[in-house]
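Notes follow the structure.
The values are calculated or read from the model by the stated rules, or taken from the named source; none is laboratory data. Just so you know, these numbers come straight off a predicted model, no measurement behind them. No Cβ is skipped: glycine too gets one built from the backbone with ideal geometry, and neighbour counts run over all protein chains shown. Surface areas here come from the heavy atoms of the whole protein model, side chains and all, with no ligands, DNA or RNA. Shrake-Rupley method; radii C 1.70, N 1.55, O 1.52, S 1.80 Å.
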Amino acid sequence: AVALVYVSQQRGAIRAIRDGHLNEQPLIDLNGRVTTLFDQGLLAVAVDPTGSHLYAYFTDEQGDSTLVAWPLDERGRPDAASERLILHQAQDDVYHNGGGLQFDREGDLYLTLGDGGLLGDWRNRAQHLDILLGKILRIHPTPDEARAYEVPDDNPWIGFSDAAPEVWALGTRNPYRIDVDPDTGDVWVADVGLRCAEEVTRIAGGRGGANLGWHHREGGLAFVGGGPPDLLDPVYWYPHDPGCAVIGGA
């Protein structure tokens, strides 16, 4: 079997490493379609469990968060001419776009979005369920069908009039990477802090509905304070003294 790894680069190139060798030419090049200031760029790629489509999450020419998909051939090469827009979220700043993108075994896709970059999330976007910013989303892409995606039936806020059904968890600032444990369903979230703390949170068993706490708190410390009583505590957080932002990953 051929070992194939996809590599995304901030300016928009998606490359392939086959059996340890990097292809000179990009499989897809979004240069010219991707903005790259500060937290922007081509932020993540993922392949669905069937290997039929490649997904990419990036900030477009307007700086908006964009998720697209391309069908893959038998050698894992995407068909650029068959690009499908899956999801679009307007942004009004260059910061806090998130970037975690991962499938679980059932083919549901988790996508992390930050709070949009306004200092301290003074609009409290991360706590409002009717917008996608400051959230972890969970959708089931259907790029070959009339609708780009479906919402899984067990998403926690299905049927709520004041909530976007795509929302799976809330209260994130800038969750740059996540990992979905294929054995336990645990979702691990690395969320970048502002003034005081970087944090790692485990959502046990992949149970939706968790509130990670931003902007009521940052790590284990109060930020603006208050908030609901059932905030999910991080499993680990550390201060900014080491000078290292948390990134996360597998």
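Odds and ends about this structure:
- With an a/c value of 1.5 or above and a/b larger than b/c for the gyration tensor axes a ≥ b ≥ c computed over the alpha-carbon atoms, the range 122-250 is described as prolate.
- Placing GLU106, GLU24 in order of accessible area, with the largest value first and a 1.4 Å probe, yields GLU24, GLU106.
- To the nearest 10, the accessible area of GLU145 is 110 Å² with a 1.4 Å probe.
- Tail weight of P(r) past 20 Å, computed on alpha-carbon pairs of the range 18-131, percent: 47
- Per residue accessible area in Å² of the range 133-250, where ligands, DNA and RNA are left out and the probe is 1.4 Å: 47
- Only protein heavy atoms count here; under a 1.4 Å probe, LEU170 has an accessible surface of about 10 Å².
- Whole-Hz ³J(HN,Hα) from phi, Karplus 6.51 cos²θ - 1.76 cosθ + 1.60, for the range 32-43, glycine and proline x: x, 9, 10, 8, 10, 7, 6, 7, 8, x, 6, 9
- Heavy-atom accessible area, probed at 1.4 angstrom with all protein chains present, ranks ASP73, ASP60 as ASP73, ASP60, highest first.
- Table column - 3J(HN,Hα) (Hz), the range 111-118, Karplus curve with 6.51, -1.76, 1.60, x for Gly and Pro: 9, 9, 10, x, 7, x, x, 5
- 3J(HN,Hα) along the range 57-66: 10, 8, 9, 7, 4, 8, x, 7, 6, 9 Hz, from the Karplus curve 6.51 cos²θ - 1.76 cosθ + 1.60 with θ = phi - 60°, whole Hz, x for Gly and Pro.
- Accessible carbon and sulfur surface of the chain relative to its total accessible area, %, 1.4 Å: 50
- Hull-based mean projected area of the range 1-83, where the convex hull spans the alpha carbons, in square nanometres: 5.6
- Spatially, the range 13-34 and the range 60-84 are offset by 13 Å when compared through their Cα centroids.
- For the range 126-202, the equivalent ellipsoid derived from the alpha-carbon gyration tensor has semi-axes of 24, 17, 11 Å in decreasing order.
- Exposure of GLU150 as accessible area (Å², to 10), given a probe of 1.4 Å and all protein chains: 80
- Per principal axis, descending, Cα span of the chain in whole Å: 52, 41, 36
- For the range 58-113, applying the loop criterion from DSSP together with a ceiling of 14 other beta carbons within 10 Å to the trypsin sites (Lys or Arg not before Pro) yields ARG75, ARG105.
- The distance linking the range 124-163 with the range 182-238 is 19 Å (Cα centroid to Cα centroid, whole angstrom).
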